[in-house]
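The values are calculated or read from the model by the stated rules, or taken from the named source; none is laboratory data. All values reported here derive from a predicted model rather than from experimental measurement. Note that each Cβ is placed from the backbone with ideal geometry, even for glycine, and that neighbours are counted across all protein chains shown. These accessible areas exclude ligands, DNA and RNA; they are computed on the full protein's heavy atoms, side chains included. Shrake-Rupley method; radii C 1.70, N 1.55, O 1.52, S 1.80 Å.
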Amino acid sequence: MPLIEPKKTIEVLQKHHFVFNKRFGQNFLIDPHVLEKIVAAAELTKEDAVLEIGPGIGTLTEALSDAAGMVLAIEIDDKLMPILKETLAGRENVIILHQDALKADLQELSTHYAGGKAFKVVANLPYYITTPIVMALLEGNAPVESLTVMVQKEVAARMMAKPGTKDYGALTLAVQYYSEPYLAANVPQNCFMPRPDVASAVIRLKKHETPPVGVQDPALMFRIIRASFNARRKTLVNGLKNAAELKLQDGAIRQALEKCGLSEMVRGETLSLEQFAALSDALRELM
Ligand code: SAM
């Protein structure tokens, strides 16, 4: 019986006297339809190297091992190590590492275990570190091709949001600069054990080969974005002026806005990624 069957999950947990650790965001998947949807959304072939963050007792890992060439699974909880050893025994294409995924050197892991290939990341993410993990996988030169991840429903909404909506923010712009998001499934609380407090969603982020907008200094653009959203409901001029680390003069901000055809009354939360890119380039010239 596969681990995804609730009966099997309970059997494994009882056999090992496993106690859930809230600190590690442990909500194990027990719904076969959701499992199928995750694997389908990840579009795996036997050529693929998968990186799974937080395998738990190995439920998703089992399905990934059937669909992909190899699976590298990183789990932080030492109590799960003997369980994974047993549940995934005999699966030669699975490697389990006992590590904090946030501290993993993905470049080295890819070289060492995946012949330098970019990973397809597939995970039911621990919710307490969703944003730092997703950003680390998207940013920089992480050898990652796509992410198919279970996140809180409201986080998925923020990743997919449109300008001017309540969900739109720095996370939206970062996700959309690096990738194209697509909602693969909505997942209710009863698909997990134990039941989480909030609903979830599976989101697929396919990394862009080149970003959808050109900007001279992406790091500066993201500093400007963060400053704009720190001062929600204020004008962009005020938000940027109050961001001490940017050291922007009022006059320079107004000049840059004018160059971009934006009103001095405009609020940051209404600007598109293209507009933030243009504003960043205009401000850069005046710094
Ligand atoms: N993949 C399993 C499933 O779907 O049933 C478990 C998912 S559970 C939501 C999250 C898993 O991530 C847990 O096994 C937890 O111990 C692990 N985890 C939490 N923080 C982690 C970290 N920093 N690095 C690696 N794994 C972590």
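Some points to look at:
- In nm, spacing of pseudo-spin labels at Q249 and R195 (7 Å Cα→C-beta vector): 6.1 nm
- Dividing the summed helix terms, -39500 (n - 2.57) for each DSSP H run of n ≥ 4, by the number of residues in the chain produces a 222 nm estimate of -11500 deg cm²/dmol to the nearest 500.
- Length released on extending from L97 to H112, taking residue separation times 0.36 nm less the Cα-Cα span: 4.1 nm
- Net charge, L64 excluded, C-beta distance under 11 Å - Lys, Arg +1, Asp, Glu -1: -2
- Efficiency of FRET between H208 and E5 - r from beta-carbon atoms, R0 41 angstrom, step 0.05: 0.60
- Our note on the geometry: Cα centres of region 48-123 and region 187-209, 19 Å apart.
- Listed peptides 270-278, 6-14 by packing density, highest first (mean Cβ within 10 Å): 270-278, 6-14
- Taking each residue as 0.36 nm, the span from S272 to E43 lengthens on full extension beyond its C-alpha to C-alpha distance by 79.5 nm.
- Applying 1/(1 + (r/R0)^6) with R0 = 41 Å to the Cβ-Cβ distance of Q216 and K85 gives a FRET efficiency near 0.25.
- GNM flexibility winner over the chain from V187, V122, V71 (Cα, springs under 10 Å): V187
- Remark: relative contact order (the chain) = 15 percent; criterion is Cα-Cα distance under 8 angstrom and separation of 6 or more residues.
- Beta bridges assigned by DSSP with both partners in the chain are antiparallel in approximately 50 percent of cases.
- Value of relative contact order over region 1-151, rounded to a whole percent, pairs C-alpha under 8 Å and six or more apart: 24 percent
- Average accessible surface for the chain: 48 Å² per residue, computed with a 1.4 Å probe over protein heavy atoms with every protein chain in place.
- Mean separation of Cα contacts under 8 Å, 6 or more apart, over the residue count of region 218-286: relative contact order %: 37 percent
- Largest GNM mean-square fluctuation among K120, K234, K206, using the chain with Cα springs under 10 Å: K234.
- If R0 is taken as 25 Å, the Cβ-Cβ distance between M287 and M265 corresponds to a FRET efficiency of 0.60.
- Three-way shape label, region 218-286, alpha-carbon gyration tensor, a/c 1.5: rounded
- Between helix 273-286 and the chain: long-axis angle, C-alpha atoms, 0 to 90°, nearest 10: 50 degrees
- Quotient of C-alpha Rg and 2.2 N^0.38 Å, computed over the chain: 1.13
- About its Cα centre, the dipole of region 6-207 is roughly 480 debye, where the only charges are +1 on Lys and Arg Cβ and -1 on Asp and Glu Cβ.
- A straight line joining the Cα centroids of region 126-183 and region 14-40 runs 22 Å.
- Computed as a quarter of the hull surface, the mean projected area of the alpha carbon convex hull for region 167-287 stands at 9.1 nm².
- Rounded, prolate or oblate (a/c below 1.5 giving rounded, otherwise prolate when a/b exceeds b/c) for region 88-245 by Cα gyration tensor: oblate
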